[in-house]
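Peer 1: The following block contains the structure, expressed as structure tokens.
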Amino acid sequence: MKQFDSIVCIAQTSWSGDFQKAVVQLMTELSARHRVLFVDYLYTLKDFVSGRNDMKAGEILFGNPLTKIENGSGEDLYVWTPPLMLPINWLSSKPHDQLLQLNTGHLLGRLRSVMKRLNMHRPLVINAFNPVVGLPMLGKLNECATIYYCFDEITTAGDWMSRHGARYEDPYLRRVDAVVTTSETLRQDKSRLQPQTYCVKNGANFDLFNTTRQLAQQHPPEKPVVGYLGSADNRVNIDLMAYCVRTMPDVEFQFIGEVHEPQLPERLGKFSNVTFIPPINPLNCLHYWRSGA
């Protein structure tokens, strides 16, 4: 790979939030040796009108959208909030593709200005599961190479990506320099179109989980607990969960995280041994355990 002077990450997820994200952890680790610019989630006008709760509207409209993250050591790490995009995911293919050019052109113009300001001229681009934006951006940032970080199966990723993502991913796979997946199944699938595909499985924050486990041992639950940690969507087998909940009344079932499938609370919320717990910021989870909430 040719020499690069920085890393630009185009992400499908936001930097901040109430749960740890693999791409955020990766960029933090990479910033120990490289200058990193993280392009935050591409908020749309629809997000702004609907009042999406994690949208930094003040920064987008009035403030400085470029933030330097204090990571303790190493190189510089920046998070840049892009301008508002047009909401086009709901459109059919032809109008979607036409307006996508408008969105990416607007994004590229502003991004180049930020890169120039940060003296980033020859970046390594890491696209984190956003081939829809990644494909029209290929070769537009004077990048030395592009790596596609594929951490999910795009055909089952929900309407937010599967509607147009699947038809963009195949040509994107063929044109990127390499692909990194988070499972062996994904590696085998994506390597059909891109031979330079590698599997790097997700890790875990051992200290955080181990400390929480020790606290739980000091205050053990009254009943056995079956826990689900993460976003709960249409990939959860609701019939199977309902059967387990109904036939094991002596077990407490806890769903911790965002719930994107309405039928989950509708069908399972009526059982006394089911609890839905909102996302908890990792920095606050120890306080959650100590308080007994």
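Peer 1: Does PRO195 fit the bill of being at pLDDT 95 or above, out of contact with any Ser or Thr (no Cβ under 8 Å at 6 or more places or on another chain) and either charged (D, E, K, R) or farther than 21 Å from HIS96 by Cβ (or both)?
Peer 2: yes
Peer 1: Just to check your reading of the model, which residue among ALA22, ALA32 is in the same structural domain as TYR148 (by TED's automatic domain parsing), among the aliphatic types (A, V, I, L, M) and either at pLDDT below 75 or surrounded by 15 or more Cβ atoms within 10 Å (Cβ to Cβ) (or both)?
Peer 2: ALA22
Peer 1: To continue, here is another question. Quick check on TRP80: is it under 20 Å from HIS164 (Cβ atoms) and aromatic (Phe, Trp, Tyr)?
Peer 2: No, not satisfied.
Peer 1: Could you grab me the full set of residues in region 70-87 that are under 26 Å from LEU45 (Cα atoms) and either exposed (fewer than 15 other Cβ atoms within 10 Å of the Cβ) or free of Cβ contacts under 8 Å to residues at least 40 places away in the same chain (or both)?
Peer 2: Selection gives PRO83, LEU86.
Peer 1: Residues that are under 16 Å from the mean Cα position of the chain (by Cα), at pLDDT 95 or above and under 16 Å from THR13 (Cβ atoms): does region 156-169 have at least one?
Peer 2: no
Peer 1: Is there a residue being surrounded by 15 or more Cβ atoms within 10 Å (Cβ to Cβ) and either modelled with pLDDT of 95 or more or out of contact with any strand residue (DSSP E or B) (no Cβ under 9 Å at 6 or more places or on another chain) (or both) anywhere in region 228-237?
Peer 2: No.
Peer 1: Within region 60-69, how many residues are hydrophobic (A, V, I, L, M, F, W, C), modelled with pLDDT of 90 or more and surrounded by 15 or more Cβ atoms within 10 Å (Cβ to Cβ)?
Peer 2: Qualifying residue count, region 60-69: 1.
Peer 1: Still on this structure, please answer the following. Exactly one condition in (1) out of contact with any strand residue (DSSP E or B) (no Cβ under 9 Å at 6 or more places or on another chain); (2) closer than 30 Å to ALA22 by Cα is false for ASP250; which is it?
Peer 2: Unmet for ASP250, out of (1) out of contact with any strand residue (DSSP E or B) (no Cβ under 9 Å at 6 or more places or on another chain); (2) closer than 30 Å to ALA22 by Cα: (2).
Peer 1: On to the next question. Within region 214-258, how many residues are within 24 Å of ASN281 (Cα to Cα), without any contact (Cβ under 8 Å) to a residue 60 or more places away in the chain and in contact with a helix residue (DSSP H, G or I) (Cβ under 6 Å, 6 or more places away or on another chain)?
Peer 2: Total meeting the criteria: 2.
The values are calculated or read from the model by the stated rules, or taken from the named source; none is laboratory data. Predicted model only: the values in this text are computed from it and were never measured. Reconstructed Cβ throughout: ideal geometry from the backbone, glycine too, with neighbour counts over all protein chains shown.
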